[in-house]
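Asks: Okay, here's the structure, questions in a sec.
The values are calculated or read from the model by the stated rules, or taken from the named source; none is laboratory data. Source: prediction; values computed, not measured. Counting neighbours? That spans all protein chains shown, and the Cβs are built from the backbone with ideal geometry, glycine included.
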Amino acid sequence: MKATGSVSELHLEEMKKEIEALAIAKGFYNKPEDIPKKLLFAFIELGEASDAWKKGLPEEKIAEELIDVLFYVLDASRLACPTMNMDEVFRKKLEKSLGRPFQYGEGHRGKQP
Ligand SMILES: [Mg+2]
């Protein structure tokens, strides 16, 4: 699949609203001072995803842990940068990334084929 930079439908903003409703309904941390906790929880979920992959657990379990990461990242975003539209941020970042050199930022030492 070739990246085109054109993404027609994104739902990060909708997801953010659902996560906010979940946080309120479940009494989760919900203040700007809680942002570090939410970011830490995102790291913890990354670890859970990594652990699930290392243990050879089913893809469903790995995917669930990765979704947990997204939950915390989007939850942190609504508190840390509430005026930002994450769909727009995603589009801009994708465009910016597509404009960068081959294998940028991953520490590869090889040359472009
Ligand atoms: Mg988890």
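Asks: In region 1-50, what residues are small (Gly, Ala, Ser) and modelled with pLDDT under 95?
Replies: 3, 5, 6, 8
Asks: Restricting the first residue to region 10-37 and requiring it to be farther than 22 Å from residue 93 by Cα, which pairs with a second residue that is polar (S, T, N, Q) and modelled with pLDDT of 95 or more meet a Cβ separation below 6 Å and a spacing of at least six or different chains?
Replies: From residues that are farther than 22 Å from residue 93 by Cα, the pairs are 23/30.
Asks: Among (1) in contact with a helix residue (DSSP H, G or I) (Cβ under 6 Å, 6 or more places away or on another chain); (2) away from the ligand (no atom under 16 Å from the Cβ), which single condition is residue 33 missing?
Replies: For residue 33, the failing item is (1).
Asks: Regarding residue 16, is this residue more than 15 Å from the ligand (Cβ to nearest atom), basic (Lys, Arg), crowded, with 17+ Cβ neighbours inside 10 Å and within 18 Å of residue 81 (Cα to Cα)?
Replies: So residue 16 passes the test.
Asks: Still on this structure, please answer the following. Would you mind stating whether residue 64 is touching a Phe, Trp or Tyr at 6+ places or on another chain (Cβ under 9 Å) and within 11 Å of the ligand (Cβ to nearest atom)?
Replies: no
Asks: Also, I was wondering about something else. Looking at region 55-113, which of the residues that are within 14 Å of the chain's Cα centre (by Cα) and of a type in the set (Lys, Arg) is surrounded by the fewest Cβ atoms within 10 Å (Cβ to Cβ)?
Replies: So the residue we want is 93.
Asks: Is at least one residue of region 77-92 in contact (Cβ under 8 Å) with a residue 60 or more places away in the chain and out of contact with any helix residue (DSSP H, G or I) (no Cβ under 9 Å at 6 or more places or on another chain)?
Replies: yes
Residue-wise test of (1) polar (S, T, N, Q); (2) at pLDDT below 95; (3) part of a loop (DSSP other than H, G, I, E, B).
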| residue | (1), (2), (3) |
| --- | --- |
| 57 | no, no, yes |
| 61 | no, no, no |
| 65 | no, no, no |
| 69 | no, no, no |
| 74 | no, no, no |
| 77 | yes, no, no |
| 89 | no, no, no |
| 100 | no, yes, yes |
